[in-house]
Structures are given as C-alpha cells and as structure tokens.
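Undergrad: Below is the structure I would like to discuss, written out as structure tokens.
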Ligand SMILES: Cc1cc2nc3c(=O)[nH]c(=O)nc-3n(C[C@H](O)[C@H](O)[C@H](O)COP(=O)(O)OP(=O)(O)OC[C@H]3O[C@@H](n4cnc5c(N)ncnc54)[C@H](O)[C@@H]3O)c2cc1C
C-alpha cells in the first residue's frame, strides 16, 4: 500500500507493529497521523489486547481495566485527539475511597493514605485500621533517618523502614500489591512508586513532603478532583475509535508473528510455518516480554535473555451483576482491598457501577472480584465454577451477598501483569542498550516503562516517533 503523504522522491517500506493492544494501536495511530505506512499484526482474533469491554443484559462489563489515571496525560490526550474528550467521565464524587479488610471486618482506608505515603495526620491517627502502637510508629516517620543508599529496594522494605511493619502489612501491601497483582516483598520501589523515594530524598520524610505538597495544591486549585477517568462507553469506545482512524488494509488481525529477522537493509517477519509476512524498514514489538523474547531470539540472544527475566503474574476477574438488595451490608466506597495477612481468597473487589454511570441497570450493581496475582497464582487457575464460588463466598462474608447473581462474566488474564521487581530499571537500561544496537527495532508496552494505560500509550507513541525518525529512506 502506498501512503498518499509519503514524499514522492522516496519509496520506504512500511513499519511493522507486532501486537494490537493499546500500545500497538497507539503506535499505529501515531505513525498514521505522521503519514507513515505501517502493518499491524495481532495474533488474537480481536484488537485491544488486555482491554476488553462486553455488554451483558444491560451491564457494561470491563473484563480488565476500567479507567485510567489522568495525571499521566497521554490517555486523556489521546481520547481528546480522537474526538472522545466529551465522552470521558470522572469517577462519581459521592463514593470515592476504598475499604480495607481488617481482622475480618471492613474499615475505610484512612483518608489521606495514598499508596505508600501518609498525607494527613488526623484521619490516619484516628482510624482503627492500625493498632495504637502501629499508629504511633507511623506518626514517628519524620524522625526516621533518611536512607543514604540510592540502590533500589522493595516496596515492603521501604514501607517497613519508614512507616512501620503494621502500616506496611495493613495498608501498603494491599494497596500497591493490588495494583500490580504483585508481591510487595519483591516489587521495586524505584519502578513502581519512585515519587515516594524522591520525597524521602528531598524532604527526609513523607509526612513533610505531603505537607509541602498540600500547601502548594491549596494555593493552586483548592477542591479535589477525580484522579481517574473512563470513556462513557467503556474502554472499547477508545479501542473502537482508534481502530476507526486506522486504514483497514494495514491491519492483520489473527496473524501471529513467529520470528523477526534482520536483513542488510530491512527487517523481515516470519509467520506460522516460517512463511514471510513481508519486509519492513522498522519493527515495533508490543507483545508481552516473554513473546518479545521469542521473536528477537535469532536477532539478539542476550536481549531475549533479558526479556525472559521480566516476570509476569496472572489474575482472574469474576464480574457479577446483582440486584442492590442482594448486598445486606453495602459499602460506601469504590472497592475493597484485602491484605495478604488476612488470608482471603480475593485480592480486591471493585464496585464498577459505584465508580462510573451506566455500568449497571437502575437498582442493580456491577461487582468485580479479582483473584490470583503473584501471591496466590493457583487460585486464578481454578475452573469457572470454583472461581464463581470464591467470588460468592468473599462477597457473602464481606458485604453479605445473598442469592445468585443475575449476570456472570469470568475474565482470565494468565501471565498478563508484568512484575516490576527490584532491579527492573537496571534491566530496562540493559534492554535499551541492546535494542539501540539494532537500528529500526523498538520494544514498547506494559513490560517496560509503566503498566498503566497512559504509560502504554506514551510508550507506543514514543516507539512510533523513534521509528519514523530513524527508518531508512530508500531511493525509488
Ligand atoms: C485485570 C487487569 C486490570 C487492569 N486495570 C487497569 C486499570 O484500571 N487502569 C490501567 O491504567 N491499567 C490497568 N491494567 C493494565 C493495562 O490494562 C495493561 O497494562 C495494558 O492494557 C497493556 O497493553 P499492551 O498493549 O502493552 O499489552 P497487551 O494488551 O497484552 O497487548 C499485547 C498484544 O500482543 C499480541 N501478541 C502477542 N504475541 C503476538 C505475536 N507473536 N504476534 C502478534 N501479536 C501478538 C497479544 O495477543 C496482545 O493482543 C489492568 C490489567 C489487567 C490484566
């Protein structure tokens, strides 16, 4: 396919994009908007990757992500570029906040406790999530000596050192471990929540940093706004709009790439049975890292080894549609997190219809129960009946679920959550150094520089720009 905007004096080959998740689609959209021809190869029969929204009996069910952060601006900016700006909705203002399981009961996560940092003293000191000694230890944080080493450390080590063991076990572990479906004893502080490391370095204390930040924010804007947004029609609205902007003939859906080869002047992709899928000026690989490792194995064995070192966890999401009256003890919060020390079968529960409008019919509730993760991988692999039983058991014990759900949808995401464990940033630096030795090759996606949707979009766009700038131009 020749692209109308390609300068007539040059004839360049297209750029290949492997993987049609949000990263690959964002890369494609950026190349297309720059007038650069591309081919996108997606192994699955549909585009979107992990992002998938389904409609079931008037419920709008997200099988994975249901919103994105707006502080990292790329998802919101892409929606606006695609004309979806007016379709973005903030979280409902009236039920913001989360509950945490504490000695079998539900308590609110103290207002002002953000991931690994206390922001406001009074709500934390008056909350009974922590025992009195636990609260006193947390209050001593400003007096804890600043760490001098700049080496990476685990989320668990950081939180225990600064906030105390109890604050780690009861708050930090479920909040950060939940986001990554990971093991906080292994997750890297620098790769997951480096802002708190920087705060310790700059202010010597998270409390002091929070105080400075609050004063600055009060000066800047006053009222709190939603940190997350979602398209009114769910993530599929974004995926469908992206697809609509891309040339249909450039999309190869249901085509798995098996290998990448490097020729003297171009890259070649091989598909099933070694058949050629074409020649390209550059290749952007956006698959999970373990697939990327297989693809580049013949080009660079050391790069493949580094990619294999990025671990993944899996999770299963049981989505249930219920009548509101079926919850005997409903909570006024967007969700529930469960510390590992509580030994529950669910990592977290999310009330999708409390968070966003239009997710469930009037008088009904959309609830999603997350099972598995790095700490309980075997649970995510249970069969559908067992997963449903786990979800019902957890809901019945925690919020008094009675009766059968009206709607049920089970989403399985085996090996789809990259684990940014201690040393991740060093590994990424080594990967980047090896990739730089192969002009025209780019790796992008959740495995590398951020798992959230905005970071994936940013990474896909970065890779597209890098290829567009560096792809060799060929004489006709
Ligand atoms: C349960 C869950 C909940 C989440 N919740 C949120 C949330 O609320 N907010 C948020 O910001 N993020 C969330 N995330 C994270 C975010 O959704 C993902 O990190 C992001 O969607 C990953 O996009 P990606 O394009 O990098 O990878 P993927 O979506 O994994 O896409 C990679 C694609 O590559 C394809 N592929 C693989 N091998 C080949 C091959 N050989 N040839 C061709 N194609 C191939 C795959 O089929 C896949 O479609 C969540 C993730 C999960 C699993």
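Every read-out reported here was derived from the displayed coordinates using simple, explicitly stated rules and does not represent laboratory data. Bear in mind the structure is a predicted one, so any value in this text is a computation, not a measurement. For neighbour counting, all protein chains shown are included, and Cβ atoms are generated from backbone atoms with ideal geometry for every residue, glycine included.
Undergrad: Taking one equal scatterer on every alpha-carbon of region 207-326, how large is log10 of I(q)/I(0) by Debye at q = 0.09, 0.13, 0.18 1/Å?
TA: So the normalised log intensities work out to -0.56, -0.87, -1.07.
Undergrad: Which number do you get for Rg(Cα) / (2.2 N^0.38 Å) in region 367-476? Don't skip to the end; give the middle numbers.
TA: Numbers: Rg = 21.1 Å, N = 110, 2.2 N^0.38 = 13.1 Å.
Relative to the 2.2 N^0.38 Å estimate, region 367-476 comes out at 1.61.
Undergrad: Right, another one. What FRET efficiency comes out for the pair residue 227/residue 261, r = Cβ-Cβ distance, R0 = 35 Å, nearest 0.05?
TA: Working: r = 44 Å, r/R0 = 1.26.
My answer for the efficiency is 0.20.
Undergrad: Here's a follow-up. Against the longest alpha carbon principal axis of the chain, how many degrees, from 0 to 90 and to the nearest 10, is the axis of helix 22-33 turned?
TA: 50 degrees
Undergrad: Continuing with this model, one more query. Relative to the longest principal Cα axis of the chain, at what angle does helix 453-470 sit, 0 to 90 degrees, rounded to 10?
TA: The helix 453-470 is inclined about 20 degrees to the chain.
Undergrad: For residue 111 and residue 248, what is the calculated FRET efficiency with R₀ set at 45 Å and r taken between the beta-carbons, to the nearest 0.05? Can you show the working numbers first?
TA: Numbers: r = 49 Å, r/R0 = 1.09.
The formula returns an efficiency of 0.35 here.
Undergrad: For the ranges 202-210, 182-190, 376-384, what's the packing order if you count other beta-carbon atoms within 10 Å of each residue, average per peptide, and put the highest first?
TA: Details: 202-210: 18.6, 182-190: 22.6, 376-384: 14.8.
By packing density, highest mean first, the sequence is 182-190, 202-210, 376-384.
Undergrad: From the square roots a ≥ b ≥ c of the eigenvalues of the alpha-carbon gyration tensor of region 312-417, which class results: rounded (a/c under 1.5), prolate (a/b over b/c), or oblate?
TA: On the way: a/c = 1.69, a/b = 1.56, b/c = 1.08.
Verdict is prolate for region 312-417.
Undergrad: Here is a follow-up. Per the helix-only calculation at 222 nm, which mean residue ellipticity applies to the chain, given -39500 (n - 2.57) for every DSSP H run of n ≥ 4 and division by its residues, nearest 500 deg cm²/dmol? Display every interim value, and only then the final one.
TA: Values: 17 runs with 162 residues, N = 476.
Here the helix-only value at 222 nm equals -10000 deg cm²/dmol.
Undergrad: Testing the spin-label approximation: label points 7 Å from Cα along Cα→Cβ at residue 308 and residue 212. State their distance in nm.
TA: Rounded to a tenth, the inter-label distance reads 4.5 nm.
Undergrad: As an exercise, take the mean of 1/r over every pair of distinct alpha carbons in region 8-128, invert it, and state the Kirkwood radius in angstroms. Intermediate results must be reported in sequence, preceding the final value.
TA: Values: mean 1/r = 0.0533 Å⁻¹.
Kirkwood hydrodynamic radius for region 8-128: 18.8 Å.
Undergrad: At 0.36 nm per residue, minus the direct Cα-Cα distance, what do residue 93 and residue 362 gain on full extension? Give it in nm, one decimal, please.
TA: Values: separation 269, 0.36 × 269 = 96.84 nm, distance 1.82 nm.
Answer, rounded to one decimal: 95.0 nm.
Undergrad: Relative contact order for region 283-424: what percent, with Cα pairs under 8 Å and sequence separation of 6 or more? Working shown, then result.
TA: On the way: 240 pairs, mean separation 50.4, N = 142.
Relative contact order for region 283-424 comes out at 36 percent.
Undergrad: If we sort 131-139, 19-27 on the protection proxy, mean other Cβ atoms within 10 Å, highest first, what's the order? Kindly include the intermediate steps, with their values, before the conclusion.
TA: Details: 131-139: 15.4, 19-27: 29.3.
Descending packing order for the listed peptides: 19-27, 131-139.
Undergrad: Something else now. If contacts are Cα pairs under 8 angstrom and at least 6 residues apart, what is the relative contact order of the chain in percent? All intermediate terms of the calculation are to be shown ahead of the outcome.
TA: Numbers: 958 pairs, mean separation 119.7, N = 476.
Averaging sequence separation for qualifying contacts and normalising by length gives 25 percent for the chain.
Undergrad: Note down the nm distance, to one decimal, between modelled labels 7 Å out along Cα→Cβ at residue 397 and at residue 298.
TA: Using points 7 Å along Cα→Cβ, the separation is 5.2 nm.
Undergrad: How would you order 269-279, 303-313, 168-178 from highest to lowest mean count of nearby Cβ atoms within 10 Å?
TA: Numbers: 269-279: 13.9, 303-313: 19.1, 168-178: 24.6.
Highest mean packing first, the order is 168-178, 303-313, 269-279.
Undergrad: Then there's this: Provide the gained length on full extension for the span residue 341 to residue 412, in nm with one decimal, where the gain is 0.36 nm per separating residue minus the Cα-Cα distance.
TA: Values: separation 71, 0.36 × 71 = 25.56 nm, distance 2.46 nm.
Net length gain for the segment: 23.1 nm.
Undergrad: Within region 99-128, find all residues whose amide N lies under 20 Å from a label point positioned 7 Å from the Cα of residue 332 along Cα-to-beta-carbon.
TA: 99-102, 105-113, 122-128
Undergrad: Output the 0 to 90 degree angle, nearest 10, between the alpha-carbon long axis of helix 194-203 and the longest principal axis computed from the alpha carbons of the chain.
TA: Tilt of helix 194-203: around 60 degrees.
Undergrad: Separation between the residue 136 and residue 381 pseudo-spin-labels, each 7 Å from Cα along Cα→Cβ, expressed in nm?
TA: Rounded to a tenth, the inter-label distance reads 4.6 nm.
Undergrad: At a Förster radius of 30 Å, what calculated FRET efficiency corresponds to the Cβ-Cβ distance of residue 469 and residue 44, to the nearest 0.05? All intermediate terms of the calculation are to be shown ahead of the outcome.
TA: On the way: r = 30 Å, r/R0 = 1.00.
With R0 = 30 Å, the Cβ-Cβ based efficiency is 0.50.
Undergrad: Oh, and also: Share of Cα-Cα pairs in region 55-121 beyond 17 Å, in percent? Working shown, then result.
TA: Numbers: 1459 of 2211 pairs.
Here the tail beyond 17 Å accounts for 66 percent of pairs.
Undergrad: Once the Cα atoms of the chain are picked out, what are the Rg and Dmax in Å?
TA: Rg and Dmax of the chain, Cα atoms, are 23.4, 76 Å.
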